[in-house]
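A short write-up of the structure that comes next.
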């Protein structure tokens with residue numbers, strides 16, 4: 001029994017990481033209806049940038065975040081203004097194709113730059129520290145990851161619903177033409193949205209790199225987890241992505257408890273079940 | 001006649017390959033209310049879209065305060081001081097009433113209009129400020145759309161079909177506040193299907209027909225027969 005409780009607990013905490021994968025995807029789709037196929041590879045890119053920074057400067061990965069986060073945000077803004085804005089339009093295919101191409105480019109560039117050897121970010125004693133919780137014991141790192149995920153989503157929620165920037169995001173999402181009449185330059189607003197999304201990606205990438213080893217090929221899997229969390233939670237709902245991430249995480253750890261080979265399968269089955277029962281996800285944004 | 005704050009010179013506009021207006025010349029004198037009338041498909045909305053930058057034009061086709069603006073983006077034109085109250089209100093459904101108004105003020109232009117000024121003009125909006133904009137009645141949505149445009153403190157305000165889809169009593173009350181709105185030295189361009197209403201508030205009128213100006217003149221000088229001919233074509 002205690003082992004099952006442990007699996008559920010670990011799954012919930014893992015869900016925080018998945019929610020971080022999902023939050024950027026959800027934000028981008030919500031603001032500009034862009035499905036970013038390269039999102040998983042951008043997470044891996046952030047992990048490698050974290051690796052280079054922490055190794056070169058000899059700092060903790062969390063300190064490296066001080067460099068990686070603004071760097072990824074800048075990459076996001078430049079990517080959006082320079083490339084992705086040109087793909088947006090009535091046709092949904094160009095952004096899919098271009099971000100798919102981007103995914104291939106990032107993977108190969110990482111392969112050239114870092115080889116295919118698995119890498120890991122070292123967070124020192126933090127990685128093995130744990131807190132006893134009754135008969136269970138909770139790793140400090142997973143707990144921290146979950147806490148960061150909650151904080152990030154609360155922060156995004158605040159930006160969206162309590163700041164002028166968020167007002168602009170929602171207005172552009174509602175009606176691009178009318179938003180431009182209000183003096184919002186949609187190209188700039190989209191650039192800011194992508195910058196914000198990749199800032200979240202930077203956090204997700206660093207936490208991923210501390211949790212598991214990574215190599216240039218794992219982006220696709222992270223993209224799938226992110227997508228599943230977004231769809232389970234309901235498109236456009238930020239707190240929904242956290243719920244989606246938790247459901248996916250619990251399904252995976254409980255599945256792995258039944259049979260280690262079932263980890264991924266159980267996650268996908270949970271995703272399909274939610275899709276079958278609630279095609280719009282659990283907390284869809286109210287459609288207008 | 002006062003100096004024209006906005007003029008269109010040989011304005012042409014296209015939707016892809018389809019040409020919607022053919023060489024429109026138009027002068028909007030500062031501080032006046034100009035009415036644009038015409039049948040459905042005459043090019044009235046296209047004209048407003050061209051002026052506000054939602055449709056791209058050649059730079060020299062639209063001149064605002066002596067500056068060619070035809071090739072600017074809508075957000076750049078908004079910052080110069082042209083605001084549009086779009087057909088069908090088009091409030092942002094994800095935003096509350098107050099957020100819609102605040103977004104109108106996003107251009108950051110100074111002037112008499114603020115949240116308080118708009119709420120004084122439309123007290124019902126103050127009561128409903130925190131409600132979703134979708135919860136407002138049609139007339140209240142029109143008030144919010146007008147308020148949102150005013151928040152930009154524009155020098156020129158464009159109204160597209162302000163009475164379309166509204167109850168007569170609501171239309172009446174909207175027209176009653178119009179002088180208050182344009183009384184602050186603002187220039188207005190009104191697109192309206194209701195010719196009597198249009199003529200009653202404007203000093204000059206332009207009638208469009210199939211993308212061309214078919215009649216223009218002082219609102220108190222044009223005759224019913226002239227308008228009928230210009231509205232439906234010479235054969236009518």
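The values are calculated or read from the model by the stated rules, or taken from the named source; none is laboratory data. Here the structure is a predicted model, which means the values were calculated and not measured. Methodologically, a virtual Cβ is constructed for each residue, glycine included, from the backbone with ideal geometry; neighbour enumeration extends over all protein chains shown.
More than 14 Å from chain B (Cβ to nearest Cβ), buried (at least 16 other Cβ atoms within 10 Å of the Cβ) and either free of Cβ contacts under 8 Å to residues at least 12 places away in the same chain or not in a helix (DSSP H, G or I) (or both): does that describe residue A:156? No: the conditions fail for residue A:156. Taking segment A:21-42 as the range and being more than 23 Å from residue A:158 (Cβ to Cβ) and either free of Cβ contacts under 8 Å to residues at least 12 places away in the same chain or within 10 Å of the chain's Cα centre (by Cα) (or both) as the test, the residues that pass are A:40, A:42.
One line per residue, one yes/no per condition, for (1) assigned to a helix (DSSP H, G or I); (2) in contact (Cβ under 8 Å) with a residue 12 or more places away in the chain; (3) away from every other protein chain (no Cβ under 14 Å):
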site: A:97; (1), (2), (3): yes, no, yes
site: A:146; (1), (2), (3): yes, yes, yes
site: A:172; (1), (2), (3): yes, yes, no
site: A:178; (1), (2), (3): yes, no, no
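Of everything in segment B:54-67 that is touching a helix residue (DSSP H, G or I) at 6+ places or on another chain (Cβ under 7 Å) and modelled with pLDDT of 95 or more, the residue that is surrounded by the fewest Cβ atoms within 10 Å (Cβ to Cβ) is B:64. One residue stands out in segment B:96-113 among those that are over 11 Å from residue B:149 (Cα atoms) and surrounded by fewer than 24 Cβ atoms within 10 Å (Cβ to Cβ): the one that is nearest to the other protein chains (Cβ to nearest Cβ), namely B:99. Among the residues of this structure, residue B:219 does not count as one that is buried (at least 21 other Cβ atoms within 10 Å of the Cβ) and under 19 Å from the mean Cα position of the chain (by Cα). Inside segment A:244-260, can you point out the residues that are out of contact with any helix residue (DSSP H, G or I) (no Cβ under 8 Å at 6 or more places or on another chain) and assigned to a helix (DSSP H, G or I)? Across segment A:244-260, the qualifying residue is only A:260.
Restricting A:168, A:236 to residues that are part of a loop (DSSP other than H, G, I, E, B) and within 14 Å of chain B (Cβ to nearest Cβ) narrows the list to A:236. Among the candidates B:37, B:82, which residue alone is away from every other protein chain (no Cβ under 14 Å) and either on the phi < 0 side of the Ramachandran plot or in contact (Cβ under 8 Å) with a residue 12 or more places away in the chain (or both)? Only one candidate passes the filter, namely B:37. All of B:48, B:91 fail the test of being within 11 Å of chain A (Cβ to nearest Cβ) and either closer than 27 Å to residue B:210 by Cβ or surrounded by fewer than 22 Cβ atoms within 10 Å (Cβ to Cβ) (or both), apart from B:48. Scanning segment A:180-196 for residues being outside any helix (DSSP H, G or I) and surrounded by fewer than 23 Cβ atoms within 10 Å (Cβ to Cβ) gives a total of 1. From the set of residues in segment A:123-144 that are within 16 Å of residue A:12 (Cα to Cα) and part of a helix (DSSP H, G or I), which is farthest from the chain's Cα centre (by Cα)? Looking at residues that are within 16 Å of residue A:12 (Cα to Cα) and part of a helix (DSSP H, G or I), I get A:140. Applying the criterion of being in contact with a strand residue (DSSP E or B) (Cβ under 7 Å, 6 or more places away or on another chain) and outside any loop (DSSP other than H, G, I, E, B) to the residues of segment B:53-67, the residue that is farthest from the other protein chains (Cβ to nearest Cβ) is B:60. Suppose the filter is more than 14 Å from every other protein chain (Cβ to nearest Cβ) and either within 19 Å of residue A:283 (Cβ to Cβ) or outside any loop (DSSP other than H, G, I, E, B) (or both); does residue A:207 pass it? In short, yes.
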